[in-house]
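In what follows, a structure is listed as structure tokens, so that the remarks can point back to it.
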Amino acid sequence: MTIEEGFERLSRSKFRSRFRLDESDLACIERSGLEKIRAFAEKIVSERLAMANPPKDGKQTPYRGHPVFKAQHATATCCRGCLNKWWKVQKGIVLSNLQREKIVNLIMAWIERQLAKHLAERLKTTKQTKT
């Protein structure tokens, strides 16, 4: 499944499609830059999802506090249960490097889409106030 196909599938979920980056998330991204956000996503995936049986699985990802956390819920990469249900990632096995990379790519693609939407909205608002 491609990222586009994944986003199409996720968009049909009322729960998954309700997540949006807010001003504090956008400020975090602006302060840190996308490279540091990606590094954080890699760290979180490695430390909280990659092992065969993560501790507190299903409860390890907060709903706020960092853009990566929101992205994980929006993309169903927040726990091994969601990874299994949405992406057919088998539970009880250590994630491969390729699987971790794909998860991080999905998280980052969601964040980048959110940024693009925010910038488009800001541009639209700026144009409307000038006319």
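Note on segment 11-24: residues that are over 14 Å from residue 73 (Cα atoms) and surrounded by 10 or more Cβ atoms within 10 Å (Cβ to Cβ) total 2.
Of the residues in segment 107-126, at least one is closer than 19 Å to residue 4 by Cβ, surrounded by fewer than 17 Cβ atoms within 10 Å (Cβ to Cβ), out of contact with any helix residue (DSSP H, G or I) (no Cβ under 8 Å at 6 or more places or on another chain) and among the basic types (Lys, Arg).
Every condition in (1) touching a helix residue (DSSP H, G or I) at 6+ places or on another chain (Cβ under 6 Å); (2) in a helix (DSSP H, G or I); (3) without any contact (Cβ under 8 Å) to a residue 24 or more places away in the chain is met by residue 25 except one, and the failing one is (3). Look at (1) in contact with a helix residue (DSSP H, G or I) (Cβ under 7 Å, 6 or more places away or on another chain); (2) more than 21 Å from residue 4 (Cα to Cα) and you find that residue 89 fails only one, number (2).
Within segment 51-85, can you find the residues that are surrounded by 18 or more Cβ atoms within 10 Å (Cβ to Cβ) and either of a type in the set (Phe, Trp, Tyr) or in contact (Cβ under 8 Å) with a residue 60 or more places away in the chain (or both)? Once the filter is applied, which keeps residues that are surrounded by 18 or more Cβ atoms within 10 Å (Cβ to Cβ) and either of a type in the set (Phe, Trp, Tyr) or in contact (Cβ under 8 Å) with a residue 60 or more places away in the chain (or both), segment 51-85 yields 69, 74, 75, 76.
The residues listed here are 85, 117, 102, 56; of these, the one that is more than 27 Å from residue 12 (Cα to Cα) and not hydrophobic (A, V, I, L, M, F, W, C) is 56. Residue 8 passes every criterion in (1) surrounded by fewer than 17 Cβ atoms within 10 Å (Cβ to Cβ); (2) among the charged types (D, E, K, R); (3) in a helix (DSSP H, G or I); (4) modelled with pLDDT of 95 or more apart from (4).
The values are calculated or read from the model by the stated rules, or taken from the named source; none is laboratory data. Source: prediction; values computed, not measured. Cβ atoms come from the backbone with ideal geometry, glycine included; neighbour counts cover every protein chain shown.
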